Each structure stands twice: as C-alpha cells, then as structure tokens.
Amino acid sequence: MSRNNITPSRILPIIVFSQFCCTSLWFAGNAVMPNLLLDFNLGPTALGSLTSAVQFGFIIGTLVFAVLSIADRFSPSKVFFFCALIGAIFNLGAVWEGNSLWSLISFRFATGFFLAGIYPVGMKIASDYYEKGLGKSLGFLVGALVLGTAFPHLLKQLTQNIDWQLVIYSTSALAGFGGILLYIFVPDGPFQKRSQKPDFLAFFQVFKKKEFRASAFGYFGHMWELYAFWAFIPIMLLAYQGLHVKIEFNIPLLSFIIIGIGSLSCITGGFISVKFGPKKTAGTFLLLSGFCCLLSPLVILYAPAEIFIIFLIFWGMVVIADSPLFSTLVAQNAPSDVKGTALTIVNSIGFAITIISIQLLNILRLEISPEFLFIILVIGPILGLWGLFSGNKTVIKTEPL
C-alpha cells in the first residue's frame, strides 16, 4: 500500500472489533470467578491470586515482547493473530476438570502473557495506519478495551442461570474470531518501519528523549489511579450503602455503567484532541480525575444518592479518557523503528504500577475508613501532571483531521 493512498474505511472498525474480541480473554476469569472457587474447592484467597496472575502474565509478556522487539521485527498483524489463538487456547484451560489452584494460576498467567501481543500490538497496528489523527483512532481502540473491562460486571447479571463453562468457550471463540478477522482484513500498515534485529537497549534508550519521557510519566500517573478506581468501584458503592442505610444499589449493573461509560469518553476525548492537541487534552482529563479523588470523601459522606452516582459516572469518564491520548503521545514521540517496542514498554511499566496501587488500597482499607480511602489515588494525577508538563516542551502540535 502506498503511503499516499487513503486508509480504507474498514481498517479502524476491524481493529477495534478485533481488539474487543481478544481482550475479552483478560476478564473471562473474573466473570466466572465464584464458579471457579466453588467447583475446584479453592479458598477465598485464590480470588486475588487468580486475578493478579493475568496482570503479572501481561507484565512479563510485555517485557519479553519489548526486549525482543517482537512488534517491530515481525508483522504486527501476524503477531496479533498468533497471540489471539494461543491466548484463546490457554483461556480454555479453565474448564479442565483436573484443575488445581496452581494449574488455574498457570493458565491465567499464560493468557495474560499472550495478551501482550494483543493490546499494545493493536495500538501499534493503528499507529501504522493513522499517522495523522492517531488520537481519534486510539480513542476507539481503548474504548473497546474499556467495554471489555466492564463486561464481566454485566455478565454477572446475564449469566446467572448459564453454565459458567459457556462463558469460557464463548470468550475463547470470540478471541479466535477476532484474531482471524484482523489477520485477513488488516495487512501491515503503510507507515510501518520494521526493525531488522532485536534491540536490547531500546528498553532504556527510548526514555532518553524528553518528549517521550514526559508522555510516559503522564501515563504512569494515570495508571496509578485507573485500575485501582475500577477495582474498588464495588467497594465505594458498598461504603456509601453502609453510611446511608436506606440506600440499596444494584452494584454489578452500576459498576458496568460507571466503567463502560468510559468507552464513550475515550472516543470523545480523541475528537477533542483534534482541536486542542493530545497533550493539553490528556492533562485536562488527568486534572479532573485528580479533583475527583480529592472530592470523593465529601461525596461519599454527604451527597444524595443521585449526585453520588452522577459523580462516579463523571469520574468513570475522565479517569480513562486520557489513556488513548497518552498512548498517542508515546507513539508519536517514539522513534519510528521501535514504536511497537516503546508502546509495549510503557504498557508493561504502567500495568506494574496498577498492581502497587491496588495492593496499597487493599492494605489501607483495613486501616482507614472507606470514605477516605480514595484520596490516595490523587498521587497519580499529581505526579503524572508534573511529569507531563514539568520542564518539557512537546513537539506534538494539534492533530490535523
């Protein structure tokens, strides 16, 4: 495909749909977690182990993919395809009747490992097609991931009378279909620049560029808040119910809405960034989510239920809207021949940070009242904004249509 050719209109919808199909593997275990604990006679502590296994698998996978420059040395579409199929196979391991805790942890870890060839590689594929207007494109892409994150909460409402194995079979089939669809209809993009050999120093060298460093640090601050907020939404709803005894929420449905609404804000943020630029737009969203962290105790303690839910929906929108914009800044400020590696590195570090913030909230919830728990999340926006704007002049200007 010539660089002068217009990207076919089918490309972005296929990438987005395939991304949603394949990232459903990430949260399939969460959707059937009570069934896994019951059917395999696992203790309550297994829940945390199985949940963390996917995150750790993804982190290790992204490190391996980054060190070996997988997404830059090989066809990204083929990498996506093979990782989707292998990830789907490991996901099926959950239905094996001979499972123990350690076999389930191994299967979930392996699933997370191969998700490293799906989520960041999907962004790499999009950046190879949309050199201009990348913020809009990644807005749709991250929106698909957000829906995947929210989906398990909805499944709790929809699959109560369905065998849990069907959820696993369905998500594996969906992932396989998404991988095949992308492989057939999305060849390597016109702006791809392939590396010829592994660059073992790329992991460190990309951070020498100050514009890249600023974008990455902004993303890290965003990730400190994001997954901890998502993970503790049910805790926040329960905390409000405990303080306001006449209130009773449909927690799974509200959790789905609060998280899922972020898919729309990702798309909206991408369009806003066309006018104001990805850096300024991302910084504004990060600032707004930081204010939500600070206001959370007052809202939980004193706000009427309607205002409380509106506040959480707003927080759910601004906490994720900056994610595709930070990925845009990372992609645009990375050297073109290691763009995939740079995206993978930043994802790896970002998801490692999420484990720290989630575990910190887990510890603090035993020490302080739940209404004050979420103030600690403001550390992320503060440090992210400082990293994004302190002493760095970005070379990224407003994106053209």
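For this structure, a couple of remarks:
Rundown of residues vs (1) within 22 Å of residue 231 (Cβ to Cβ); (2) hydrophobic (A, V, I, L, M, F, W, C), yes/no style:
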{"position": "11", "(1), (2)": "no, yes"}
{"position": "15", "(1), (2)": "no, yes"}
{"position": "21", "(1), (2)": "no, yes"}
{"position": "29", "(1), (2)": "yes, no"}
{"position": "36", "(1), (2)": "yes, yes"}
{"position": "57", "(1), (2)": "yes, no"}
{"position": "64", "(1), (2)": "no, yes"}
{"position": "77", "(1), (2)": "no, no"}
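- Listing of helices (runs of 4 or more DSSP H) fully contained in region 24-104 that carry 2 or more residues being buried (at least 20 other Cβ atoms within 10 Å of the Cβ): 46-67, 70-73, 76-92
- Extreme residue, surrounded by the fewest Cβ atoms within 10 Å (Cβ to Cβ), among residues of region 249-266 that are aliphatic (A, V, I, L, M) and over 23 Å from residue 126 (Cα atoms): 253
- Close pairs from region 335-350: first free of Cβ contacts under 8 Å to residues at least 24 places away in the same chain, partner assigned to a helix (DSSP H, G or I) and of a type in the set (D, E, K, R), Cβ under 6 Å, at least 6 apart: none
- In region 85-111, the residues that are under 21 Å from residue 59 (Cβ atoms) and at pLDDT 95 or above reach residues that are of a type in the set (Gly, Ala, Ser) and not in a helix (DSSP H, G or I) with C-beta atoms within less than 9 angstrom, at least six apart or across chains, in these pairs: 86/117; 87/117.
- Subset of region 343-392 (residues that are closer than 20 Å to residue 291 by Cα, in contact with a Phe, Trp or Tyr (Cβ under 7 Å, 6 or more places away or on another chain) and of a type in the set (Ser, Thr, Tyr)): 354, 357
- Some residue of region 116-136 being of a type in the set (A, V, I, L, M) and not in a helix (DSSP H, G or I): yes
- Residues in region 292-308 that are closer than 18 Å to residue 229 by Cα and hydroxyl-bearing (Ser, Thr, Tyr): 296 alone.
Here's the yes/no breakdown for (1) on the phi > 0 side of the Ramachandran plot; (2) more than 22 Å from the chain's Cα centre (by Cα); (3) surrounded by 17 or more Cβ atoms within 10 Å (Cβ to Cβ):
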{"residue": "268", "(1), (2), (3)": "no, no, no"}
{"residue": "278", "(1), (2), (3)": "no, no, yes"}
{"residue": "282", "(1), (2), (3)": "no, no, yes"}
{"residue": "289", "(1), (2), (3)": "no, no, yes"}
{"residue": "295", "(1), (2), (3)": "no, yes, no"}
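- Within region 264-286, the residues that satisfy the criterion of being under 13 Å from residue 314 (Cα atoms) and in contact with a Pro (Cβ under 9 Å, 6 or more places away or on another chain) are 266, 286.
- Inter-residue pairs, beta-carbon under 6 Å, first touching a residue at least 24 places away in the same chain (Cβ under 8 Å) and over 11 Å from residue 316 (Cα atoms) and in region 237-263, second basic (Lys, Arg) and outside any helix (DSSP H, G or I), 6+ apart: none
The values are calculated or read from the model by the stated rules, or taken from the named source; none is laboratory data. Being a predicted model, the structure only gives us computed values, none of them experimental. Cβ atoms come from the backbone with ideal geometry, glycine included; neighbour counts cover every protein chain shown.
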